[in-house]
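Enquirer: Dropping the structure in here first, questions after.
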Amino acid sequence: MDQAPGNPTGPQDAQNLPGCYRHPDRETGIRCTRCERAICPECMVSASVGFQCPDCVRQGSGTGHAPAANQPRTIAGGTMAADPRMVTKILVAINLAVFVVQLSIGDRFTDRFSLIGRAYVPVLGSLEGIADGQWYRLLTAMFLHGGVVHIAFNMLSLWWIGGPLEAALGRARYIVLYAVSGLAGSALTYLIAAPNQPSLGASGAIFGLFGATAVLMRRMNYDMRPVIALLVINLVFTFTWANIAWEAHVGGLVGGVVVGYAMVHAPRERRTLIQSATCAVVLAVSLVMVLMRTAQLT
């Protein structure tokens, strides 16, 4: 793995790390390569060498370019937004709104959009499933939940993990990561699970965020023990609790790690190309899994 970017002052205990100059409560070992101020992942702007703070980028920092020529960028090359949690808020709101619809309409709505390989659904009175051409279920199942505890746990995880990751990647890359991870989880579930076993939940996408967060923390040389501990706990629940689609968790996690690695490690000069190609490969693998399973069931 790469060493931490920027210009750290050297090994420090966590207690001695300085706080970000814009967010004093956030400890960081990264400094702006021009003004030497401490900067957290949300404030880091990728530069030709290391990272700069937003103020230095806006001022041009003596580069000879107008301030507008150097727009603040995230570590992944995304545009820094005024509200770095906007997409996460929208995702939480969508999930909650869909859950309210589930409670209002009942099983007919849930069974229409949950992930089913191929099965007769009594509520709908017909043979349903992805194998019968209902590919939309791979996506819609990511926004359905099986109960209050289920959605509460997922939304708390999404808020805790998603917000900081969105700030570090930028909105567009964060949305792509979320969607690709979720679809990878859905594809693996469709491939492995019993065709009449319904699956639903945002867990696949959220596990993708977990994987990308671990990659980002490793890239920044942060203490990974908290996120590893949380990931292990979630994996233990995944394989020990009943009625949990472990396939979605594993598929989302693998997809998130692969896409997350491309997001934060791609060289600046080919960053967009490598990030786009990696996402395309993960989606292509997911498509192959869907086609294989469909061929088995039809």
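The values are calculated or read from the model by the stated rules, or taken from the named source; none is laboratory data. These numbers come from a predicted model, not from an experiment. Methodologically, a virtual Cβ is constructed for each residue, glycine included, from the backbone with ideal geometry; neighbour enumeration extends over all protein chains shown.
Enquirer: Yes or no: L183 part of a helix (DSSP H, G or I) and under 20 Å from G117 (Cα atoms)?
Expert: So L183 passes the test.
Every residue, every condition in (1) at pLDDT 90 or above; (2) assigned to a loop (DSSP other than H, G, I, E, B); (3) outside the structural domain of L183 (by TED's automatic domain parsing), yes or no:
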{"position": "P41", "(1), (2), (3)": "no, yes, yes"}
{"position": "S48", "(1), (2), (3)": "no, yes, yes"}
{"position": "R58", "(1), (2), (3)": "no, no, yes"}
{"position": "G64", "(1), (2), (3)": "no, yes, yes"}
{"position": "V100", "(1), (2), (3)": "yes, no, no"}
{"position": "L103", "(1), (2), (3)": "yes, no, no"}
{"position": "L124", "(1), (2), (3)": "no, yes, no"}
{"position": "A131", "(1), (2), (3)": "yes, no, no"}
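Enquirer: Going residue by residue through region 23-38, is there one that turns out to be touching a Ser or Thr at 6+ places or on another chain (Cβ under 8 Å), in a strand (DSSP E or B) and surrounded by fewer than 20 Cβ atoms within 10 Å (Cβ to Cβ)?
Expert: no
Enquirer: Looking at (1) touching a Lys or Arg at 6+ places or on another chain (Cβ under 6 Å); (2) in a loop (DSSP other than H, G, I, E, B); (3) modelled with pLDDT of 85 or more, can you tell me which one V87 breaks?
Expert: With respect to (1) touching a Lys or Arg at 6+ places or on another chain (Cβ under 6 Å); (2) in a loop (DSSP other than H, G, I, E, B); (3) modelled with pLDDT of 85 or more, V87 is out only on (2).
Enquirer: Can you name the helices (runs of 4 or more DSSP H) wholly within region 202-298 that have at least 1 residues being surrounded by fewer than 22 Cβ atoms within 10 Å (Cβ to Cβ), in contact with an Asp or Glu (Cβ under 6 Å, 6 or more places away or on another chain) and among the aromatic types (F, W, Y)?
Expert: none
Enquirer: Need pairs with beta-carbon distance below 7 Å; first residue in contact (Cβ under 8 Å) with a residue 60 or more places away in the chain and over 24 Å from L291 (Cβ atoms) and within region 166-195, second surrounded by fewer than 24 Cβ atoms within 10 Å (Cβ to Cβ) and among the hydroxyl-bearing types (S, T, Y); sequence gap 6+ or separate chains.
Expert: Correct list of pairs: G170/T79.
Enquirer: On to the next question. Keeping to region 26-41, report how many residues are under 24 Å from the mean Cα position of the chain (by Cα) and charged (D, E, K, R).
Expert: Final tally of qualifying residues: 2.
Enquirer: Still on this structure, I have one more. Show the residue pairs meeting these rules: Cβ distance below 6 Å; 6+ apart or different chains; first residue within region 109-128 and within 19 Å of L297 (Cα to Cα); second residue surrounded by fewer than 18 Cβ atoms within 10 Å (Cβ to Cβ) and aromatic (F, W, Y).
Expert: Final answer for the pair search is L127/Y120.
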